[in-house]
Amino acid sequence: MPPGWWREIAAAAYNGDMTTDTQHPYAALSPDCVLDALDSVGLRGDGRLLALNSYENRVYQVGIEDGQPLVAKFYRPGRWSDAAILEEHAFVAELAEQEIPVVAALALDGCTLHTYQDYRFAVFPRKGGRAPELGDPAVLEWTGRFIGRIHAIGKVRPFVQRPALTIDSFGRESREFLLQHGFIPPDLLAAWTTTVDCALDGVARCYERAGDVAGLRLHGDCHGGNVLWTDAGPHFVDFDDSRSGPAIQDLWMMLSGERGDMVRQMADILAGYEDFCDFDSREMHLVEALRTLRLLHYSAWLARRWDDPAFPTAFPWFNTQRYWQDRILELREQIALMDEPPLPV
């Protein structure tokens, strides 16, 4: 084979950001750059390079000469400080040390966070799996058991560098960003603003009813897509959104369906969870409040990333008239739900 043959194969197979927009944060992250970055930490690729489904960061499965494929994650420039990324790595490593099934960053030459050119990256073992069957009570109990173990460790000490999930950070800041950057269509502006303000008032009332609930270190984005299942049970991936907050944040995204369905699902989750960690039932007042905050935060996240060429391609429905009409209706439904009694536990 001629010199550099493996790079040519990688470039041919690559399906990531091939953009000429030099202002885009990933504009220079070519296949050569990915492979050179791995070379810089002693990992030589064999030419197999697959872009995985990720938008906030860029993540690749990379074949390694004389070794198993690895996953390389290139962090979005400017999102987290080095200290915040390392705090996430330390939390996941702490969980792994307790034999909790998480995927921790590999320590190469004693470091988990590396820099190549203008990019920070980490390398992880490849861990496959399938989506969990969240309709199965045994699966929910098993998953709840491990979330309980995560939270038992999460309570030991607080995050210092990573933020907290609050009404301000997920709700009010999202509202202000969307308004200040002109994303809301003029003919929907009054209806959207009034609805969002009512929704945030409803969130505040839910927090008042819950009272002074404790915060702890969380996974932060614990939905079915970040829980992979194998015959050995679940393992948890992608702690990139890890932050401080109430325990229910890592539980409510496992719930779906009608109210009766969610009551049964929560009972199954807590049957496993409370084997390892106590649950404060007052936090049930926050389920719909946290769902509302997530809806607002998601719209603002798309808006903040709209200059990334990957986003208009992946989310063509965003920022259309229909999109904002649907969000208004969705938030009005949430306003009603937040005034209902919480799910019993």
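Assigned by TED's automatic domain parsing to the domain that holds L295, in a helix (DSSP H, G or I) and closer than 30 Å to R264 by Cβ, is that true of C206? Yes, satisfied.
Of everything listed in (1) over 25 Å from T143 (Cβ atoms); (2) among the small types (G, A, S); (3) under 18 Å from the mean Cα position of the chain (by Cα), the single unmet condition for A37 is (3). Looking at the range 77-185, the helices (runs of 4 or more DSSP H) lying wholly inside it that each contain 1 or more residues that are modelled with pLDDT of 95 or more and more than 28 Å from V59 (Cα to Cα) sit at 137-154, 173-180.
Taken over the range 240-264, the residue count meeting the criterion of being over 30 Å from A122 (Cβ atoms) and either buried (at least 21 other Cβ atoms within 10 Å of the Cβ) or hydroxyl-bearing (S, T, Y) (or both) is 1.
When you look at A90, is it closer than 23 Å to R243 by Cβ, outside the structural domain of A314 (by TED's automatic domain parsing) and surrounded by fewer than 18 Cβ atoms within 10 Å (Cβ to Cβ), yes or no? So A90 fits the description; yes. Of the helices (runs of 4 or more DSSP H) entirely within the range 262-345, those holding at least 2 residues that are over 18 Å from D221 (Cβ atoms) and either without any contact (Cβ under 8 Å) to a residue 40 or more places away in the chain or not assigned by TED's automatic domain parsing to the domain that holds L178 (or both) occupy 310-314, 321-338. Close Cβ contacts (under 7 Å, 6 or more residues apart or on different chains) running from residues in the range 35-60 that are within 18 Å of F315 (Cα to Cα) to residues that are among the polar types (S, T, N, Q) comprise A51/N15; L52/Q61. Considering only the range 61-79, state which residues are hydrophobic (A, V, I, L, M, F, W, C) and in contact (Cβ under 8 Å) with a residue 40 or more places away in the chain. Result: L70, V71, A72, F74.
The values are calculated or read from the model by the stated rules, or taken from the named source; none is laboratory data. Everything quoted here is computed from the prediction, not taken from an experiment. For neighbour counting, all protein chains shown are included, and Cβ atoms are generated from backbone atoms with ideal geometry for every residue, glycine included.
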